[in-house]
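**Student:** I'd like to ask some things about the structure below.
The values are calculated or read from the model by the stated rules, or taken from the named source; none is laboratory data. Predicted, not measured: the structure shown is a model, and the values here were computed from it. Glycine gets a Cβ as well: all are built from the backbone with ideal geometry, and neighbour counts include every protein chain shown.
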Amino acid sequence: MDFQLTESQRALQDAARKYAREVVRPKAAHYDETSEFPKDLLSAAFELGLINMAIPSEYGGLGLSHLEQVMVCEELAWGCAGVATSLIANDLANLPIILHGTDDQKKRLLTPFTQKVKFSSFCLTEPGAGSDVAAMSTTARREGDHYVLNGSKCFITNGGYADQFTVFATVDKAKKHKGITCFVVEGRPQGLTTGKHENKMGQRASNTTTVTFDEVRVPVANRIGEEGQGFLVAMATLDNSRPLTASISVGIARAALEHSLDYSAQRQTFGKPIREHQGVQFMLADMAMNTHGARLLTYESAWVLDQGQRNTLQSSYAKCFAADMAMKVTTDAVQVYGGYGYMKEYPVEKLMRDAKLIQVYEGTSQVQRLVIAKELFK
Amino acid sequence: MKILVTAKRVEDPESKIKVKPDGSGIVQEGLKYKINPFDEIGVEEGLRLAAKHGGEVVVVSIGTKDVQEQLRHALAMGATRAVWVNHAGALDQLGIAALLQKVVEKEKPDLVVLGKQSIDDDQNQVGQYLAEFLGWGQATFASKVESLESEAEKNKVPAVALTADGKAVRVVREVDNGLATLEVQLPAVVTTDLRLNQPRYASLPGIMKAKSKPIEELTPEKLGVDVTPRIQVLKMSAPPARKAGIKVPDVATLVEKLHNEAKVV
Ligand SMILES: Cc1cc2nc3c(=O)[nH]c(=O)nc-3n(C[C@H](O)[C@H](O)[C@H](O)COP(=O)(O)OP(=O)(O)OC[C@H]3O[C@@H](n4cnc5c(N)ncnc54)[C@H](O)[C@@H]3O)c2cc1C
């Protein structure tokens with residue numbers, strides 16, 4: 001086992017860190033306040049190759065390992081979790097194609113992302129189907145060499161700016177999860193509408209909307225996998241994306257820890273810097289220890305994928321532990337800052353709001369525990 | 001146009017630098033390293049010149065295998081290939097310039113661009129020695145007329161300008177009381193100052209491409225250079241810690257202290 005980063009891993013990490021520090025950080029508070037879509041930051045990320053990291057080199061991507069992707073993603077999230085979510089939303093949407101698409105589908109549907117700034121959305125969640133994916137009611141009806149989609153999706157990241165949508169719909173609701181099928185809708189065809197940008201608690205730089213399908217036609221050639229395989233496609237996608245989501249938590253927590261170390265060295269009470277009070281030290285020590293623990297779980301979950309193995313268990317460990325950890329660490333960061341931490345002029349309350357989302361999206365912390373238990377009982 | 005640039009490995013200015021208690025050097029443990037920022041500006045200028053006039057940028061570094069990290073950084077920025085002079089022991093500025101002279105004689109570039117100094121030893125000698133050893137013209141402390149935020153900067157135009165006949169470069173230099181413009185015949189040596197340009201970021205595609213770019217290995221022996229240092233570092237010490245300042249109650253006291261204690265007014 002070798003914990004030493006390779007020269008190339010360090011170079012990738014340094015490049016992402018420089019972008020996060022010099023390009024993202026100075027604007028993070030602005031985009032949090034306004035909740036505008038950070039187009040300039042995302043275009044800069046595109047120029048530097050910090051988006052679409054999952055696309056294989058055969059289709060114009062960089063061919064990064066999963067381990068390299070999570071190292072880069074931690075840096076992006078350290079800059080701003082909302083920006084990181086916007087960037088990896090493309091991976092989430094494209095993973096079904098990467099994992100289950102045909103060569104033709106990969107060429108047609110992935111390559112354009114490597115040529116220009118382009119966003120895609122992963123459309124799984126519905127108003128009546130979040131954790132319970134199989135309860136979905138968006139339908140796909142076959143008509144000759146097309147399918148016709150009808151239904152509504154909610155909380156869709158990048159919805160307002162995407163011109164490609166990876167959509168899960170059922171060909172037969174009675175079949176429950178065995179009816180779910182995955183499709184890729186190109187462009188914004190007639191019948192596809194997106195709602196207003198949601199006013200969110202955190203990660204406000206990321207765009208979140210409803211996506212509605214009213215008789216939207218998709219060619220059969222854009223069905224990913226077979227009819228009824230969509231549930232498996234979605235689950236395989238989430239196995240692959242959970243290490244990235246976990247790394248967002250690690251990036252948020254590291255930012256909270258660093259701010260807390262700085263502040264606790266400066267703020268004085270009872271005649272000394274607060275970091276000299278043991279009660280504060282214990283908080284700082286726990287923050288550092290848990291951040292690093294989550295990082296190691298994240299690395300492992302990515303490494304298992306790099307070995308070509310199934311990582312369901314490890315990626316649920318990583319995502320759940322890292323999300324719960326980031327919530328605790330950022331709450332403690334606000335605590336270290338005292339009353340100032342509660343104020344928007346200071347950077348830590350944003351981190352606390354940003355962290356909360358990771359316990360919810362891509363499978364809540366409760367759902368992760370269900371997955372873990374199911375794996376343990378196998 | 002063939003341009004040779006340098007990429008010295010230096011301590012990251014963001015690392016905490018501590019002098020060893022016995023004064024024999026600095027504590028290496030936990031330090032991070034990066035390319036000397038002035039060299040990075042040199043790499044950027046080389047790339048801009050090559051983009052404008054065609055040609056290639058070759059990057060050179062001297063040191064142990066670790067310096068390959070800085071060579072790869074320059075390759076990731078866009079340099080075509082690298083030369084690594086493998087040497088582990090101490091070096092002084094004359095030794096470095098002598099090694100670079102041999103590399104230059106081998107590579108035959110039209111222009112050598114180096115940082116005006118490296119941020120570790122702050123010697124500011126190598127470029128000048130190198131020009132002298134080669135018998136070439138030199139333009140040190142290259143800067144630019146426009147501010148960093150100018151449109152020209154954004155368009156990535158080189159600040160070092162090739163003359164119309166392509167036989168010389170015009171260089172704006174930072175001098176004590178402003179800017180001076182020099183024209184130097186090629187081949188020449190240019191050293192970079194801080195305001196010459198803002199180096200591009202290494203991109204992920206650049207980093208991945210750099211992995212397969214060639215690094216040629218040389219040694220002082222192969223180059224036939226005796227690098228025995230003529231300078232010996234006897235002792236290093238940290239600058240004395242700054243004493244805390246004082247607060248004065250009013251302007252009158254301030255003026256009184258400036259006059260009687262600091263003796264500046
Ligand atoms: C900002 C944001 C961005 C998002 N982006 C996307 C996106 O791009 N694409 C997409 O498809 N979705 C996206 N989502 C949706 C997200 O994945 C869902 O919100 C999430 O899966 C939870 O579903 P739900 O909101 O319906 O909650 P519910 O499923 O209703 O859960 C409510 C609560 O009940 C708990 N719970 C539910 N079932 C169980 C159980 N069996 N045992 C124990 N506890 C249970 C949950 O853990 C949760 O605490 C996004 C959500 C947000 C907030």
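**Student:** Working only within segment B:96-149, note down all residues that are among the aliphatic types (A, V, I, L, M), touching a strand residue (DSSP E or B) at 6+ places or on another chain (Cβ under 9 Å) and under 21 Å from residue B:176 (Cα atoms).
**Tutor:** Scanning segment B:96-149 gives B:114, B:119, B:126, B:139, B:142, B:145.
**Student:** Looking at segment A:29-36, is at least one residue surrounded by 20 or more Cβ atoms within 10 Å (Cβ to Cβ), of a type in the set (Phe, Trp, Tyr) and within 8 Å of chain B (Cβ to nearest Cβ)?
**Tutor:** no
Residues checked against (1) over 22 Å from the mean Cα position of the chain (by Cα); (2) more than 30 Å from residue B:89 (Cβ to Cβ):
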| position | (1), (2) |
| --- | --- |
| B:157 | no, yes |
| B:215 | no, no |
| B:218 | no, no |
| B:222 | yes, no |
| B:226 | yes, no |
| B:240 | yes, yes |
| B:254 | yes, yes |
| B:260 | yes, yes |
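**Student:** Another question, if that's okay. Which of the numbered conditions does residue B:141 fail, given that it passes all the others? Conditions: (1) surrounded by fewer than 21 Cβ atoms within 10 Å (Cβ to Cβ); (2) modelled with pLDDT of 95 or more.
**Tutor:** (1)
**Student:** Tell me, yes or no, whether segment A:219-232 has at least one residue that is of a type in the set (Gly, Ala, Ser) and within 12 Å of the ligand (Cβ to nearest atom).
**Tutor:** Looking through segment A:219-232, none of the residues is of a type in the set (Gly, Ala, Ser) and within 12 Å of the ligand (Cβ to nearest atom).
**Student:** Sticking with this one: From the list A:312, A:331, which one is β-branched (Val, Ile, Thr) and either crowded, with 24+ Cβ neighbours inside 10 Å or farther than 14 Å from residue A:290 by Cβ (or both)?
**Tutor:** Checking each option against the conditions leaves just A:312.
**Student:** So residue A:258 passes all but one of these: (1) under 21 Å from residue A:82 (Cα atoms); (2) in contact (Cβ under 8 Å) with a residue 12 or more places away in the chain. Which condition number does it fail?
**Tutor:** All conditions are met except number (2).
**Student:** Looking only at segment A:1-28, filter to residues that are of a type in the set (S, T, N, Q), outside any loop (DSSP other than H, G, I, E, B) and over 19 Å from the mean Cα position of the chain (by Cα); which one of those is nearest to the other protein chains (Cβ to nearest Cβ)?
**Tutor:** A:8
**Student:** Does residue A:130 meet the test of being at pLDDT 95 or above, touching a His at 6+ places or on another chain (Cβ under 6 Å), surrounded by fewer than 24 Cβ atoms within 10 Å (Cβ to Cβ) and not assigned by TED's automatic domain parsing to the domain that holds residue A:295?
**Tutor:** Considered against the rule, which asks whether it is at pLDDT 95 or above, touching a His at 6+ places or on another chain (Cβ under 6 Å), surrounded by fewer than 24 Cβ atoms within 10 Å (Cβ to Cβ) and not assigned by TED's automatic domain parsing to the domain that holds residue A:295, residue A:130 comes out as no.
**Student:** Hey, another quick one. Select from segment A:192-209 the residues that are assigned to a loop (DSSP other than H, G, I, E, B), buried (at least 20 other Cβ atoms within 10 Å of the Cβ), near the ligand (Cβ under 10 Å from one of its atoms) and not basic (Lys, Arg) and list them in ascending order.
**Tutor:** Within segment A:192-209, A:202, A:203, A:206, A:207 meet the criteria.
**Student:** Right, here's the next one. Looking at residue B:169 and the list (1) in contact with a strand residue (DSSP E or B) (Cβ under 9 Å, 6 or more places away or on another chain); (2) under 30 Å from residue B:27 (Cα atoms), which single condition is not satisfied?
**Tutor:** Status for residue B:169: all satisfied but (2).
**Student:** For the condition among the aromatic types (Phe, Trp, Tyr) and in a loop (DSSP other than H, G, I, E, B), what is the one hit in A:299, A:340, A:346?
**Tutor:** From the options A:299, A:340, A:346, the qualifying one is A:346.
**Student:** If only one of A:373, A:355, A:318 is surrounded by 23 or more Cβ atoms within 10 Å (Cβ to Cβ), assigned to a helix (DSSP H, G or I), of a type in the set (A, V, I, L, M, F, W, C) and within 15 Å of the ligand (Cβ to nearest atom), which one is it?
**Tutor:** A:355
**Student:** Right, next: Within segment A:206-218, does at least one residue satisfy the condition of being within 27 Å of residue A:302 (Cα to Cα) and of a type in the set (Phe, Trp, Tyr)?
**Tutor:** no
**Student:** Just for segment A:121-142: of the residues that are near the ligand (Cβ under 8 Å from one of its atoms) and hydroxyl-bearing (Ser, Thr, Tyr), which one is nearest to the other protein chains (Cβ to nearest Cβ)?
**Tutor:** Among residues in segment A:121-142 that are near the ligand (Cβ under 8 Å from one of its atoms) and hydroxyl-bearing (Ser, Thr, Tyr), the one nearest to the other protein chains (Cβ to nearest Cβ) is A:121.
Table: residues versus (1) within 14 Å of another protein chain (Cβ to nearest Cβ); (2) of a type outside the set (D, E, K, R).
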| position | (1), (2) |
| --- | --- |
| B:34 | yes, no |
| B:37 | yes, yes |
| B:43 | no, yes |
| B:48 | no, no |
| B:56 | no, no |
| B:62 | no, yes |
| B:65 | yes, no |
| B:74 | yes, yes |
| B:77 | yes, yes |
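**Student:** Only one of A:69, A:115 is out of contact with any helix residue (DSSP H, G or I) (no Cβ under 9 Å at 6 or more places or on another chain) and farther than 18 Å from residue A:198 by Cβ. Can you tell me which?
**Tutor:** A:115
**Student:** Among the numbered conditions (1) under 19 Å from the mean Cα position of the chain (by Cα); (2) away from chain B (no Cβ under 14 Å), tell me where residue A:72 comes up short.
**Tutor:** It fails just one condition, (2).
**Student:** Could you grab me the full set of residues in segment A:306-352 that are under 25 Å from residue A:31 (Cα atoms) and charged (D, E, K, R)?
**Tutor:** A:324, A:328, A:332, A:344, A:345, A:349, A:350
**Student:** Of the residues A:159, A:82, which is within 21 Å of the chain's Cα centre (by Cα), outside the structural domain of residue A:19 (by TED's automatic domain parsing) and not in a strand (DSSP E or B)?
**Tutor:** A:159
**Student:** Checking residue A:53 against (1) within 10 Å of another protein chain (Cβ to nearest Cβ); (2) part of a helix (DSSP H, G or I), only one condition comes out false. Which one?
**Tutor:** (2)
**Student:** Just to check your reading of the model, which residue among A:244, A:238 is within 16 Å of the ligand (Cβ to nearest atom), closer than 25 Å to residue A:35 by Cβ, outside the structural domain of residue A:156 (by TED's automatic domain parsing) and buried (at least 18 other Cβ atoms within 10 Å of the Cβ)?
**Tutor:** A:244
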